[in-house]
Amino acid sequence: MEPAGMEYFCGQVQQKDVGRRMQVGQELLEYLGDPARSPDVEQDQQRLDKVIDELTGWVNSSNFKVRL
């Protein structure tokens, strides 16, 4: 299933499960790395801000794999 965009990631980055975070992190990197797949990033600043706020929490995670 293809991610729907920033709306999809906005909900997914809130996951607490480490395995799911690892999967979502990789999906997000691939999504942001391909401008053709991510046209809504610049248009949806509010969701992008929320995703970044959640990712900040990942950096402070006690799980080293999630931090990376």
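Does F9 satisfy the condition of being at pLDDT 85 or above and not charged (D, E, K, R)?
yes
Within the set of pairs 6 or more residues apart or between chains, which connect a residue that is open to solvent by 90 Å² or more (accessible area, probe 1.4 Å) inside the stretch 41-68 to a residue that is modelled with pLDDT under 85 and of a type outside the set (D, E, K, R) with Cβ atoms less than 6 Å apart?
What qualifies is R67/V59; R67/S61.
Please name all residue pairs, on different chains or six or more residues apart, with Cβ atoms under 6 Å, provided the first residue is in the stretch 4-28 and is free of Cβ contacts under 8 Å to residues at least 40 places away in the same chain and over 15 Å from V59 (Cβ atoms) and the second residue is open to solvent by less than 40 Å² (accessible area, probe 1.4 Å) and part of a helix (DSSP H, G or I).
Q12/V24; Q15/R21
Taking the stretch 7-48, which residues are outside any loop (DSSP other than H, G, I, E, B) and more than 23 Å from K65 (Cα to Cα)?
Going residue by residue through the stretch 7-48, those that are outside any loop (DSSP other than H, G, I, E, B) are 7-12, 18-33, 45-48.
Hits for the stretch 7-48 are E7, Q45, Q46, R47.
Would you mind stating whether G19 is surrounded by fewer than 15 Cβ atoms within 10 Å (Cβ to Cβ) and either among the aromatic types (F, W, Y) or out of contact with any Lys or Arg (no Cβ under 6 Å at 6 or more places or on another chain) (or both)?
yes
The values are calculated or read from the model by the stated rules, or taken from the named source; none is laboratory data. Fair warning: this is a prediction, and the values are worked out from it, not measured in the lab. Methodologically, a virtual Cβ is constructed for each residue, glycine included, from the backbone with ideal geometry; neighbour enumeration extends over all protein chains shown. Remember, those area values only see protein heavy atoms, side chains included, never the ligands or the DNA or RNA. Shrake-Rupley method; radii C 1.70, N 1.55, O 1.52, S 1.80 Å.
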